[in-house]
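To keep things clear, I will list the structure first and then write my remarks on it.
What follows is calculated from the coordinates using simple rules that are stated; it is not laboratory data. Just so we're clear, the structure is a prediction, and the values are computed from it rather than from any experiment. We place every Cβ from the backbone using ideal geometry, glycine too, and count neighbours over all the protein chains shown.
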């Protein structure tokens, strides 16, 4: 887990390091929004469960590489205090073909949102609140064949 900013350009160069078989790189970068359900967001606090979080991310990447022909995968997630506009997460997937790269990137992000132990707290002018899991995140996960429910400890406390 990172506390410093994510270097998306450096990660793309790393994804291309392969033996010339990379024909597509698809990436997703998530940012802190300036507005949330509680109003204007002044800052965001991200927590994780050390050890368990890294294992969960590793399992997600392993599953993606079982489902699609991938050359490389990069997943970086920040923790700690972040302000509006800060990068939170980067998922990058390299493959010989775009279809595998698009599908795997979306799969990894859907699983990361719902199955990795991260918790977010928003701080606004009205106070603070833990961000609750969204039904839309669980619905996105079900299309990959996952059962319902977050599968995370203390999921009611918030989500990534």
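Observations
- Modelled label reach - residue 142, point 7 Å along Cα→Cβ, the stretch 73-113 residues with backbone N closer than 18 Å: 107, 110-113
- Note on the chain: antiparallel DSSP beta bridges, both residues inside, total approximately 95 percent of the bridges counted.
- Placing a pseudo-label 7 Å from each Cα along the Cα-to-Cβ vector at residue 19 and residue 121 gives an inter-label distance of 4.9 nm.
- Computed label-point distance, nm, for sites residue 29 and residue 8 using a 7 Å Cα→Cβ extension: 0.3
- Over the chain: helical MRE at 222 nm, DSSP H runs n ≥ 4 each giving -39500 (n - 2.57), nearest 500: -10000 deg cm²/dmol
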